[in-house]
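Here is the structure we will look at.
The values are calculated or read from the model by the stated rules, or taken from the named source; none is laboratory data. Bear in mind that the values here come from a model prediction, so they are computed numbers and not experimental data. Here the Cβ is made from the backbone with ideal geometry for all residues, glycine too, and neighbour counts use every protein chain on show. Accessible surface areas use protein heavy atoms only, side chains included; no ligands, DNA or RNA. Shrake-Rupley method; radii C 1.70, N 1.55, O 1.52, S 1.80 Å.
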Amino acid sequence: MIEWATIQEEGLLAPTMAKDFPNLPVVKAEGLFYFGADGKKYLDFTSGIATENTGHRHPKVIKAIKDQVDHLVHGPIGIINYESITLLAKKLKAVLPEPLDCFFFGNSGAEAIEGAVKLARHVTKRPYIVSFLGGFHGRTMGALSLTTSKSKYRKNLPVGANMTYQLPYAQITETPEGFSHDEYWSAHVEEDFERLFNHQVSPDEVAAVILEPVLGEGGYVIPPKAWLQKIREICNQHGILLIFDEVQTGFGRTGDWFAANRFGVTPDIIAIAKGIASGLPLSATVASRALMEQWTIGSHSTTFGGNPVACAAACATLDVLREEGLVENAKILGDYALKKLIDLKEKHPVIGNVRGIGLMLGIEVIHPETRKPNGEGLMKILEKCLDKGVIFYLSGNKGEVIRMMPPLNVDKEHLDFGLALLDEAITEYELEYSGGE
């Protein structure tokens, strides 16, 4: 029996992996809940960081996993072929925007990004990649060269080898008064690219532009549609491939199958993971067959990617998302939750900006007087929420944004319950805050 109070003291798990909020010992998960080793039940508004979109241990997903284990546990694809990977490719093709219809399966979001960048460079024969400030694309060395959500991820690591460039991500809270978000940021990004191409890198040396259509770890920042459309236009103009990192935004999280659909912009390559298999490790780099056929056979490969069990879980996940209307539920309840959060903002001076698209909701915590980010206050609020039995997570450059990402099968009753506990936690924090002044 594990002694939870002392396990960290033994030093068996690397702190960089194991020390995060809330580091809660659990013995079981079911539906919308974790069951703690302390005997308490916790409402989960993290979904394993936007991974278990169908909720914990959905019966249809679990059955698919058990059935697959009875027949085949490991590939590797290429040495053998098997039904679950082919069936998954067909199911994914049906929900992805055209012409994204050819798949390289991996195990993680970072792997999908690595594959996307390798594919882009291989096909275009160009060396450079452009990403955006605040983006998170993974922590492996290639993906890390594109990640700028926090500088600590790059500390002591000479990433990039001068092969990447970064531009500002659209922040609608910074739109000057009197300007429309679409017009201002569309013109802004056009000027950013013009400056980049004039002073730092020729466009004919840029293989790809990569971005999250909604910033995830960077604070759940939602850009104007016209900004993304202008980037698509610039890429088309210069023969640059556009890569969408939909690792966190995919599989219904934003209220559509993929954020690309919500913004009306189709990338050339898309990286998907997280919600694909309800918690099993699986990802995919996706492009058109025309692009994928230019990738030399054997130049990129995998031992574990597209594992038969993970693919079976993914097939069941897609079926559940469709059959139970969870994508539509994310949009409807996401709009509902955003309105509730806007009401909370009016009530609480420590809440700054609130934003959301589908069940991807961000609540900024600020110092009421200075209006500056308040990561310390956020952690106190999250701890109070945990004590009350609901788990939220953090994001943002200063750790100042509460990240709310419940499973997509959440209902209004549990959504209201979780938000009521958040309201209570913020109220208690504000009383302590004002009393300490």
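Can you pull the accessible area of His181 for me, 1.4 Å probe, Å² to the nearest 10?
80
If the range 1-121 were replaced by its equivalent ellipsoid, with semi-axes equal to the square roots of 5 times the Cα gyration tensor eigenvalues, what would those be, largest first, whole Å?
Three semi-axes, in Å: 33, 20, 17.
Report the extension gain between Glu328 and Ala18 in nm, rounded to one decimal, defined as 0.36 nm multiplied by the number of residues separating them, less their alpha carbon distance.
Answer, rounded to one decimal: 108.1 nm.
For the range 365-403 and the range 276-316, what is the centre-to-centre distance using only Cα atoms, to the nearest Å?
36
Give me the percent of accessible area attributable to carbon and sulfur for the range 307-428, probe 1.4 angstrom.
Using a 1.4 Å probe with all protein chains present, the range 307-428 comes out at 51 percent carbon and sulfur.
Round to a whole number: what % of the accessible area of the range 192-267 belongs to carbon and sulfur, probe 1.4 Å?
Ligands and nucleic acids excluded, carbon and sulfur reach 38 percent.
Students often forget the sequence filter, so: which lysines lie under 19 Å Cα-Cα from Lys225 once same-chain residues fewer than 8 apart are removed?
Of all the lysines, those that pass the test against Lys225 - Cα under 19 Å, at least 8 places apart if same chain - are Lys331.
At 7 Å along Cα-to-Cβ for each site, give me the label-to-label distance between Val27 and Glu10 in nm.
1.8
Averaging the inverse of every distinct alpha carbon separation and then flipping it gives the Kirkwood radius. What is it for the range 191-286, in angstrom units?
14.2 Å is the Kirkwood radius here.
Report Rg(Cα)/(2.2 N^0.38 Å) for the chain, keeping two decimals.
Normalised Cα radius of gyration, the chain: 0.98.
Using only alpha carbon pairs under 8 Å that are at least six residues apart, calculate the relative contact order of the range 160-289 and give it in whole percent.
Across the range 160-289, relative contact order equals 20 percent.
Which distance in nm do the two modelled labels at Gln200 and Met163 give, with both placed 7 Å along the Cα-to-Cβ direction?
Roughly 1.7 nm, to one decimal.
Specify the inter-centroid distance of the range 117-155 and the range 404-437, based on alpha-carbon positions, in whole Å.
The two parts, judged by their Cα centres, are 35 Å apart.
So with the 1.4 Å probe, I'd like the accessible area per residue for the chain, rounded to whole Å².
45
Let me know the volume per residue of the alpha-carbon convex hull for the range 77-222, in Å³.
156
Could you name the lysines in cross-link range of Lys155, using Cα to Cα under 23 Å and dropping any fewer than eight places away on the same chain?
Lys19, Lys398
If the cut-off is a Cα-Cα distance under 14 Å, which aspartates and glutamates reach Lys152, setting aside same-chain residues fewer than 8 apart in sequence?
List returned: Glu217.
Net charge within 12 Å of Arg289 by Cβ-Cβ distance, Lys/Arg positive one each and Asp/Glu negative one each, not counting Arg289 itself?
Result for the local shell: -2.
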